[in-house]
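**Q** Quick one: the structure is below, questions incoming.
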Amino acid sequence: QVQLVESGGGLVQAGGSLRLSCAPSGITFRIVAGGWYRQAPGKQRELVATVTSGGSTNYADSVRGRFAISRDNAKKTLYLQMDSLKPEDTAVYYCNAVLVPTETLYWGQGTQVTVSS
């Protein structure tokens, strides 16, 4: 069974940085397109950033200029570089990705990011 595994979450002070990673576990499928979402306590899950198969990126207004989504050259890992973190960025972060050759959308299990003031 294909699963996406996220890593890189943790506790950081405001103004700090974290880099989240997301990759298929136990299988060498490639990531065609994907995104990062987050859900804070008591709130709905919201889009953070996406990247298309052509490499175009899109960001939520709240993170534009501070976060960057990318893929490695082999397209086997999705990243989210988060700089200038704020307490309001605290949430569980989830990745999703369309993998080939299955061309199926998968979700990760989430990783906690906590930003202290």
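**Q** Run the accessible area of the chain with a 1.4 Å probe and give the carbon-and-sulfur part as a rounded percent.
**A** 47 percent
**Q** If you restrict to DSSP beta bridges whose two residues both lie in the chain, what percentage is antiparallel, to the nearest 5?
**A** Taking every DSSP beta bridge within the chain, about 85 percent pair in antiparallel fashion.
**Q** Running a GNM on the chain with Cα contacts under 10 Å, which residue among PRO41, PRO24, PRO87 ends up with the highest mean-square fluctuation?
**A** Of the options given, PRO41 has the highest mean-square fluctuation.
**Q** PRE reach from LYS86 (point 7 Å along Cα→Cβ): which of segment 26-66 fall under 20 Å by backbone N?
**A** 36-50, 58-66
**Q** Taking the alpha-carbon centroid of each part, what is the distance from segment 1-67 to segment 70-117 in angstrom?
**A** If you average the Cα positions of each part, the centres end up 2 Å apart.
**Q** Any idea what % of Cα-Cα pairs in segment 16-117 are farther than 24 Å?
**A** Considering segment 16-117, 19 percent of its Cα-Cα pairs are separated by more than 24 Å.
**Q** While we're here: Using the Karplus curve 6.51 cos²θ - 1.76 cosθ + 1.60 with θ = phi - 60°, what ³J(HN,Hα) values do you get for each residue of segment 92-97, in whole Hz, with x for Gly and Pro?
**A** Ordered by residue, 3J(HN,Hα) equals 8, 9, 10, 10, 9, 7 Hz.
**Q** Let me check I've understood the local charge: for TYR37, count other residues with C-beta under 14 angstrom from its C-beta, Lys and Arg +1, Asp and Glu -1. What total comes out?
**A** Local net charge: 0.
**Q** Further question on the same structure: Taking Cα pairs under 8 Å and at least six residues apart, what relative contact order does the chain come out at, in percent?
**A** 36 percent
**Q** Hey, another quick one. Under 10 Å, Cα contacts only: if you run a Gaussian network model on the chain, which one of VAL48, VAL92, VAL100 comes out with the highest mean-square fluctuation?
**A** VAL100
**Q** Keeping every protein chain present and rolling a 1.4 Å probe, give me the accessible area per residue for the chain in Å².
**A** Accessible area per residue: 52 Å².
**Q** Using the Cα centre of the chain as the reference point, and only Cβ charges (+1 on K/R, -1 on D/E), how large is the resulting charge dipole? Debye, rounded to the nearest 20.
**A** Its charge dipole is roughly 100 debye.
The values are calculated or read from the model by the stated rules, or taken from the named source; none is laboratory data. This one's a predicted model, so the numbers in the text were calculated from it and none came from an experiment. A quick note on method: Cβ atoms are made from the backbone with ideal geometry, for glycine too, and the neighbour counts reach across all protein chains shown. Accessible surface is based on the protein model in full, side chains and every heavy atom, while ligands, DNA and RNA are left aside. Shrake-Rupley method; radii C 1.70, N 1.55, O 1.52, S 1.80 Å.
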